[in-house]
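The values are calculated or read from the model by the stated rules, or taken from the named source; none is laboratory data. Everything quoted here is computed from the prediction, not taken from an experiment. Every residue, glycine among them, receives a Cβ derived from its backbone with ideal geometry; neighbour counts consider all protein chains shown. Only protein heavy atoms, including side chains, enter the accessible area calculation; ligands, DNA and RNA are left aside. Shrake-Rupley method; radii C 1.70, N 1.55, O 1.52, S 1.80 Å.
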Amino acid sequence: MRSIKILAPLFLCPLFVFAQRYAQEQVKEDLKYLIKQIETYNPALYAYNQDFSKKAGEVVNSVNGELSTFEVFRKVAEIATLSNEGHFGLGVWEDEAHEGILNNKFKYMPLAPIVNDGKIYVWDTFLDGNSFERGDEILEINGKTTKGILEILNRHTPADGGILTYKQVQLSKGFPWMYFLFVEQPESFKIKIKKRSTGQIEWAQCNAATILERNAKRKEEPTDKKEGKDQVYEFKIVNGYGLLTLKTFNRGLLEKYEIEADELYEGIFKELEESCTEYLIVDLRDNNGGRNEFYEDMLPYLTDKKGVFKTSISWKGKEKKHKYPSTSKYAFQGKTYVLINGGTFSSASVLARFFKEYTNATLIGEEAGGRYEGFAGGSAEYIFLPNSKYRVTIPRYHAVFHDGEKQTTNNRGALPDYEVIPSMDDLINERDVVMEKALELLASN
């Protein structure tokens, strides 16, 4: 079963504090510096965003008078988001917008909502005797509609090409933090909800809380947390088909458990060949990527193409061509079903692309989080703005993928052949409708 996982309160956020203010000239200096650094270090910038300079300039020109430290951070996030790259990083624990989290100076929303299919729902609460229940739909917060709130948050959430499924995943991980930083910092919340149990419209009110207060109300729930190599991948052959779940390509975990892509894939596809298994389900949902070799080393089992499959371009303009490897004797000849969602990002989204382009795979789920035709990632440049001192992480390498024939979109992620969006009832009941669809299609063959 798959279930929604919310980041621990440590990664959510805060509320009110007496913030430093910055003069108009200081803010504009910071923003112009940020724009210059993005133009310098992001080699993919104008490949996908020809109007970046114009739109970023409009953000600078919108500064009229002094701004608080939080207002400055919003402008910084807005410009970073205009770059349409998901590999940006904004801020650190020690900066002015975040330091109040750990020292309990900030208060924030005592709920952990999630975003699903363009709507906001209650998931967890950190309150005693409240009227909120998991699955209640949030219609308004302090007079702001769901649509208006999501428009604000999306405008401040970096993503490849503005892919909404990816933004939805990010908002579900840290809604209270993002609401605090980018919408408002109230002492209390008046929330209009549609009850999941009755469908009735009700109003509920709650006060903001510090991280310490939230932790005191936190309910521990049983988890299915994996240990060892199961944190990275799981593979088994069951009922006549293979099931490969690739959970992450995180460098730290791969090194910790000494997992090498070439050895892993050879063992898996050799077992598929020797067992005469004709069907394979590959689950890439919520794999946010990592090491490139975990998509590159899959190619020998997917295609016999020759030539160049990728060009990588550094921020200095240096190019490197990457050629298709030799086909493996264990190349899979059967039918593949690939499960994706907005959390399928970076190198994992490339792997979804490879299955779509080079095999007879059927993609099921939601649009992947990484841009199909290429994106900026790899190593990063860490810059600090001259006045506010906010740190921004800028990706420095552009990966351009070739031979795109199965999908010719612009600024979109890999699109599923069968779009399957879990409902809130599915999530609450831990019903995996995406996997169910894959098994249904497999059975029909």
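Remarks
- GLU381 fulfils the conditions (1) open to solvent by 70 Å² or more (accessible area, probe 1.4 Å); (2) closer than 20 Å to LEU90 by Cβ except for a single criterion, (1).
- Flag if ALA97 is among the small types (Gly, Ala, Ser) and modelled with pLDDT under 95: yes
- Selection over the stretch 346-367 of residues that are out of contact with any Lys or Arg (no Cβ under 7 Å at 6 or more places or on another chain), under 16 Å from LEU442 (Cα atoms) and buried (at least 24 other Cβ atoms within 10 Å of the Cβ) gives a count of 0.
- Of all residues making up the stretch 110-133, the number that are under 27 Å from LYS217 (Cβ atoms), open to solvent by 20 Å² or more (accessible area, probe 1.4 Å) and at pLDDT below 95: 8
- Evaluated against (1) outside any loop (DSSP other than H, G, I, E, B); (2) basic (Lys, Arg); (3) in contact with a strand residue (DSSP E or B) (Cβ under 8 Å, 6 or more places away or on another chain); (4) surrounded by 14 or more Cβ atoms within 10 Å (Cβ to Cβ), LYS190 falls short on exactly one condition, (4).
- When the stretch 401-427 is filtered for residues that are in contact with a strand residue (DSSP E or B) (Cβ under 9 Å, 6 or more places away or on another chain), surrounded by 17 or more Cβ atoms within 10 Å (Cβ to Cβ) and not in a loop (DSSP other than H, G, I, E, B), the ones remaining, listed by number, are PHE401, GLY413, MET424, LEU427.
- Note on the stretch 265-319: residues that are part of a strand (DSSP E or B) and either among the hydrophobic types (A, V, I, L, M, F, W, C) or closer than 22 Å to LEU253 by Cβ (or both) total 8.
- Conditions (1) at pLDDT 95 or above; (2) within 27 Å of the chain's Cα centre (by Cα); (3) buried (at least 21 other Cβ atoms within 10 Å of the Cβ); (4) hydrophobic (A, V, I, L, M, F, W, C): number failed by PHE106: (1)
- For the stretch 327-342, residues that are part of a loop (DSSP other than H, G, I, E, B) and open to solvent by less than 10 Å² (accessible area, probe 1.4 Å) total 1.
- Of residues in the stretch 226-261 being assigned to a helix (DSSP H, G or I) and within 30 Å of ASN445 (Cβ to Cβ), the one most open to solvent (accessible area, probe 1.4 Å): ASP230
- Residues in the stretch 159-187 that are open to solvent by 50 Å² or more (accessible area, probe 1.4 Å) and acidic (Asp, Glu): GLU187 only.
- Any chance ASP283 is crowded, with 22+ Cβ neighbours inside 10 Å and either within 29 Å of the chain's Cα centre (by Cα) or under 20 Å from ALA352 (Cα atoms) (or both): yes
- Restricting the first member to the stretch 386-415 and to residues that are among the hydrophobic types (A, V, I, L, M, F, W, C), and the second to residues that are surrounded by fewer than 19 Cβ atoms within 10 Å (Cβ to Cβ), the beta-carbon pairs closer than 6 Å and six or more apart or on different chains are VAL392/ILE383; ILE394/GLU381; ALA399/SER312; VAL400/THR311.
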